[in-house]
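Trainee: Take a look at the following structure, please.
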C-alpha cells in the first residue's frame with residue numbers, strides 16, 4: 001500500500017482504465033433521428 005504522504009500520479013489513459021472509442025458521435029445523431037421519425041409517424045397516423 002502507498003504511504004498517505006506520497007500522491008499517486010496516473011496518466012490519462014491509466015485513469016480511464018480502458019479504450020475510448022468515438023462511437024458516440026455516430027450513435028447520438030442516428031438515435032435522435034430515429035426517435036424523431038418514430039414520434040412523427042405516431043403523431044401523423
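Trainee: If you count, for each residue, the other Cβ atoms within 10 Å and average over each peptide, how do 26-36, 5-15 line up from highest to lowest?
Mentor: On the way: 26-36: 9.9, 5-15: 7.5.
By packing density, highest mean first, the sequence is 26-36, 5-15.
Trainee: Mind sorting out which of [x] 20, 14, 12; [y] 47, 12, 6; [z] 42, 8, 4 is the real semi-axes √(5λ) of the Cα gyration tensor in Å computed from the coordinates?
Mentor: Given [x] 20, 14, 12; [y] 47, 12, 6; [z] 42, 8, 4, the calculated one carries the label [y].
Trainee: What nm value, rounded to one decimal, do you get for the distance between residue 10 and residue 26 when each label is placed 7 Å out toward the C-beta?
Mentor: The answer from the label model is 2.9 nm.
Trainee: Could you work out [θ]222 nm for the chain from helices alone, using -39500 (n - 2.57) per DSSP H run of at least four and dividing by all its residues? Round to the nearest 500 deg cm²/dmol. Could you put the intermediate results ahead of the total?
Mentor: Working: 2 runs with 25 residues, N = 45.
Taken over the chain, the calculation gives -17500 deg cm²/dmol.
Taken together, the values in this text are just the output of simple stated rules run on the coordinates, not laboratory data. Values in this document were obtained by computation on a predicted structure and should not be read as measured data. With ideal geometry, Cβ positions are generated from the backbone for all residues, glycine too; neighbour counts draw on all protein chains shown.
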